[in-house]
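Report on the structure given below.
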Amino acid sequence: MREDHEREHAFAAALAAARRSETEALPLKRDVAAFVDGLLGLLFPQLSEESGATADEIQVSLTLVRRDLRELLGPLEAPARATELARSFVGALPDLYGQIRLDGEAIVAGDPAAESLDEVISAYPGFLAIAIHRVAHEIHRLGVRVLPRLLAEVAHTRTGIDIHPGAAIGRGLCIDHGTGLVIGETAVIGDEVKLYQGVTLGALSVAKSAAGTKRHPTIGDRVVIYANATVLGGDTVVGHDSLVGGNVWLTNSVPPHSLVYHSSQVQVRRATDGVEFSDFVI
């Protein structure tokens, strides 16, 4: 009994020392989530409990956005820089709003099941993921560390869509379903691209020495990439107006107007014929 108590005390002391020496002060994820929820609720009344607001009330809310972002930046930046970064971010909101709205309209146009922009904004995980990405990417572009990743993880947790805040995405991205979608840090995506669930835009190498290099593919305008396709490599370019079929594994560039597809063989037999164990490969 005494030995257990001494072991617990030693472990507690070791954890306390580690917390003092190894842990960097960072914004709390719950505060990051509250910030982006409040911001998107301000931009889109479909995501807010308060649908109506006057221009003066919105102006006050923008001031609060600037304050809240400055506080989130407090552990990461000097006070003067945090204030300037928050001011710059709020100044970019008109363009961000326009970009996010175009994404919603692209989903309405690209998904036959979508009945209205209100529905997409309120209920579609693809819209939420790209909306949070637009916010995270702008903060990433301003040179802020860590916070954009926390924002991306909020989106990932809620939607199953993992977009690195460094990824550069053009106008009108349509994410259809989206679960399991992964977009890497240096990916570049053009305008009016459509991505389905399970798509990976990744790197050929995960070596740490590759940090800071172009590791993820470039996707041209109006490309459609179907479910579970994988496109890898920083030198890989999918030319504009191309279609990449489901389950494709692509590591080489393709020219514009390409059709890339995976060929598989499907066998159909009657259930009464039985199946030999040799037909299965585990």
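The values are calculated or read from the model by the stated rules, or taken from the named source; none is laboratory data. Keep in mind that this is a model prediction, so the values were computed, not measured. Cβ: placed from backbone, ideal geometry, glycine included. Neighbour counts: every protein chain shown. In case anyone asks, the SASA skips ligands and DNA or RNA and just uses the protein heavy atoms, side chains included. Shrake-Rupley method; radii C 1.70, N 1.55, O 1.52, S 1.80 Å.
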Tally of residues being surrounded by fewer than 23 Cβ atoms within 10 Å (Cβ to Cβ), part of a loop (DSSP other than H, G, I, E, B) and touching a strand residue (DSSP E or B) at 6+ places or on another chain (Cβ under 8 Å) across region 150-172: 3
Scan of region 202-223 for residues that are of a type in the set (A, V, I, L, M, F, W, C), open to solvent by less than 40 Å² (accessible area, probe 1.4 Å), within 17 Å of residue 166 (Cα to Cα) and in a loop (DSSP other than H, G, I, E, B), ordered by number: 203
Some residue of region 74-90 being of a type in the set (Lys, Arg), buried (at least 18 other Cβ atoms within 10 Å of the Cβ), in a helix (DSSP H, G or I) and touching a helix residue (DSSP H, G or I) at 6+ places or on another chain (Cβ under 9 Å): no
Within region 173-201, tally of residues that are under 19 Å from residue 121 (Cα atoms), in a loop (DSSP other than H, G, I, E, B) and open to solvent by 10 Å² or more (accessible area, probe 1.4 Å): 4
Evaluation of residue 95 against (1) touching a residue at least 12 places away in the same chain (Cβ under 8 Å); (2) in a helix (DSSP H, G or I); (3) of a type outside the set (Lys, Arg) (one fails), failing number: (1)
Filtered residues of region 131-149 (kept if out of contact with any strand residue (DSSP E or B) (no Cβ under 6 Å at 6 or more places or on another chain), in a helix (DSSP H, G or I) and open to solvent by less than 40 Å² (accessible area, probe 1.4 Å)): 131, 132, 134, 135, 136, 138, 139, 147, 148
Residue count, region 224-238 (criterion: farther than 22 Å from residue 111 by Cβ and not in a strand (DSSP E or B)): 4
Residues that are free of Cβ contacts under 8 Å to residues at least 40 places away in the same chain and among the basic types (Lys, Arg), drawn from region 1-56: 2, 7, 19, 20, 30
Any hit, region 117-126, residues being surrounded by 17 or more Cβ atoms within 10 Å (Cβ to Cβ), within 10 Å of the chain's Cα centre (by Cα) and under 25 Å from residue 231 (Cβ atoms): yes
Residue pairs meeting the criteria (Cβ under 8 Å; at least 6 apart or on separate chains; first of a type in the set (Ser, Thr, Tyr), in region 99-122; second assigned to a helix (DSSP H, G or I) and open to solvent by less than 70 Å² (accessible area, probe 1.4 Å)): 116/108; 122/46; 122/47
